[in-house]
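What follows draws every value from the coordinates through simple rules; no lab data is involved. Everything quoted here is computed from the prediction, not taken from an experiment. Cβ placement follows ideal geometry from the backbone for every residue including glycine, while neighbour counts extend to all protein chains displayed.
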Amino acid sequence: MKLNSVLAMIGFLGLSVQVSAQSVSTSPYTSYGIGEVLFDNNIEQAGMGGLSTLSTNPYNSSANFYNPAANAQLNMTSFDFGVNTRLSQFKDEVNTSKKSATYISNISLAFPVGSKARAGFGFQPYSTIGYDLQTVSYNDEVNFANTYEGSGGINSLHVMGSYNITPEFSAGVRMNYLFGEMERKQTITTEGLSLLTDYNYEAKLSGFQFTLGTSYSKKIGTNRRFEAGATYTLGTNVNAKIQDMTTTYTFVDNFPNHIDTIHYKKVYGDMKLPQMVSFGASYRKELNWMIGAQVDWGDWGGYSLTEDENSDLDTRFRVSAGGYWIPNFNSYKSYFDRVTYRLGGFYEATPLQFGDIGIKKYGMTFGFGFPIGKDRDASMLNIACELGQLGKADSQIIKENFANIKVGFTLNDIWFRKRVID
């Protein structure tokens, strides 16, 4: 086992602790439910529209944590690290604003265990909340200013395992340990009065979530292959410790004074996360090109935080398609002939509802996989860009134009191999 591989494992354990409290989001759409769900895919999958139920690495040397069964041909120890920068522009009928956030999006390590089994563990942000909004309302000729703030999110430490039941069929399971804090705050001020009212809502969460996966791979002719993959994430209850408090106060010399708590409640309950299903299929020519498509569905209408507090979320439905192309993986004359070029797109009916209006999300993606290191280990520097739109600009809804720029690397090595000559 190489020293740098050991250091990578140590670094993984340290980084997973350090990034658990990172600031991830700036979108007002994260004010609903558990915020924006981020647990989706790695960088190479993001460059292909989000295809994640399939084996999308042409060299079978990159781990898939979304569908653990899709690691049937993983033949090397794979360390993956990724960073995402999100650039957002928000528009309504009058105003425009811009915000950005950068965060570590993925750290994982996976490896073969014998000839038929695969295992791995990783860290990802699971969901994020991050918004800061102000509104003004009128009532009997009195102006009320409302400030809404939200922060926090859920993180995931996860392990996965898979087993090749036959040369063509494999099954796997992933267990997520979810943990984190969500905080929402509303401050109301009245024109002409120094009295302010704060509504504070905090939830500390922890619990487990399980995903089952299957994968089927059939060789066609000498160098073509058809693949299909599916996942089912079980609905689960996550432990929730909730603190709900309302206070009033005045400002004296820019400091809160005469603080009065008029409501306080602490609740121990459950957050109900919904069941989710994904299915994808692809057709490829070995070490040359691949095209695929995927459908995702999630029953977010069943989401709730404690028994007496339900959300107005709806079901989630997403369709994505994409693929890759390698001009000549074995070229010695041109480095760029060995680069993996990726392209894709997606359309999503999100769970967000404003009255009878459903919020739609769509976009296109592209990316590159640049070979690095030794030719035989298929390590890559991966870059992906996702350009999209969420919502639309009118009197009720904010339009968000966004760009996700993802950069990371996949490093591969062969572990646990017996030396032929010592």
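Quick look at the values:
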read-out: Helix-only [θ]222 nm of the chain, DSSP H runs n ≥ 4, -39500 (n - 2.57) each, per residue, nearest 500; value: -1500 deg cm²/dmol
read-out: Distance in nm between pseudo-label sites at Tyr148 and Asp312 (7 Å out along the Cβ direction from Cα); value: 1.0 nm
read-out: Label point distance in nm, Ile414-Trp289, each placed 7 Å from Cα along Cα→Cβ; value: 3.2 nm
read-out: Label-point gap, in nm, between Asp270 and Asp356 - each point 7 angstrom along Cα→Cβ; value: 3.6 nm
read-out: For segment 302-359 versus segment 88-110, the gap between their alpha-carbon centres in whole angstrom; value: 16 Å
read-out: From phi via Karplus (6.51, -1.76, 1.60), per-residue ³J(HN,Hα) for segment 175-184 in Hz, x at Gly/Pro; value: 10, 9, 9, 9, 8, x, 9, 10, 10, 10
read-out: Segment Ile259-Lys91, extension gain: residue separation times 0.36 nm, minus the distance between their alpha carbons; value: 56.8 nm
read-out: For Asn106, distant residues with modelled amide H under 5 Å away; value: Gly82
read-out: By average C-beta atoms within 10 angstrom, highest first, the peptides 83-93, 312-322; value: 312-322, 83-93
read-out: Mean separation of Cα contacts under 8 Å, 6 or more apart, over the residue count of the chain: relative contact order %; value: 17 percent
read-out: Whole-Hz ³J(HN,Hα) from phi, Karplus 6.51 cos²θ - 1.76 cosθ + 1.60, for segment 149-166, glycine and proline x; value: 10, x, 8, x, x, 10, 10, 10, 9, 9, 10, 9, x, 9, 9, 7, 5, 9
read-out: Peptide ranges 291-303, 37-49, 116-128 listed from the most packed, as the mean C-beta count within 10 angstrom indicates; value: 37-49, 116-128, 291-303
read-out: Furthest towards positive pole of dipole, Pro256, Pro125, Asn382, structure part segment 3-413, Cβ charges; value: Asn382
read-out: Positive dipole terminus of segment 173-222, leading residue within Gln186, Tyr216, Val173 (C-beta point charges); value: Tyr216
